[in-house]
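The values are calculated or read from the model by the stated rules, or taken from the named source; none is laboratory data. All values derive from a computational prediction rather than experimental measurement. Here the Cβ positions follow ideal geometry from the backbone for every residue, glycine too, while neighbour counts run over all protein chains shown. With ligands, DNA and RNA removed, areas are computed over all heavy atoms of the protein, side chains included. Shrake-Rupley method; radii C 1.70, N 1.55, O 1.52, S 1.80 Å.
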Amino acid sequence: MSYCRQEGKDRIIFVTKEDHETPSNAELIAEDPDDPYEEQGLILPNGDINWNCPCLGGMASGPCGSQFKEAFSCFHYSKEEVKGSECIDNFRNMQECMQRYPELYPQEEDKAESNSGSASGAPTEGSALPPETDSIPASSAPELAVSSDSTLPTDDQTAS
């Protein structure tokens, strides 16, 4: 037996297997164009922070959400010459909280290790680079320009 229950703004519908066998005749309600949190981005038109913005990736609601909100609010509303310079303690508190939850907030080096697939430090297959240079992205590796006669460019050649 299916039934419906209202909880606040939500309508909860319990259905049976038989209910699922027939196509739905439910009518979807059009989105409210005046919803202040819909499609607004991080900063609302009035200058407030939209804590529901998907761009925050849930940071405002996780275990360190209050520390994140304090630090981000401090920075957003900062009037200092060096924006956010008075927020260092807030960001330090947020960082300390995140370090207590490494499974939810991995450090950058933790991400690099898990993405490389090799924590041993040995060169990957087909790599001729030593371990410490094997993980440098190509875009940040310095490039050498070698002329066709295999001589390195001189200072006046590189200055042009």
Pairwise FRET efficiency - S66 versus T16, Cβ, R0 = 30 Å, nearest 0.05: 0.10
Neighbour net charge for C74 - beta-carbon separation under 12 angstrom, K R +1, D E -1: 0
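Using a 1.4 angstrom probe, figure out how much accessible area segment 55-112 has per residue, in square angstrom, rounded to the nearest whole. Present the calculation step by step, with values, prior to reporting the outcome.
On the way: 3920 Å² over 58 residues.
For segment 55-112, the solvent-accessible area averages 68 Å² per residue.
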Calculated from backbone phi, Karplus (6.51, -1.76, 1.60) coupling profile of segment 11-18 in Hz, x at Gly/Pro: 10, 9, 10, 9, 10, 9, 4, 5
Where labels lie 7 Å past Cα in the beta-carbon direction, separation of I49 and R92 in nm: 1.9 nm
At 1.567 mPa s and 4 °C, Stokes diffusion of segment 45-87 via Kirkwood alpha-carbon radius, µm² per second: 116 µm²/s
Difference of contour (0.36 nm per residue) and Cα-Cα distance, E103 to V82: 4.3 nm
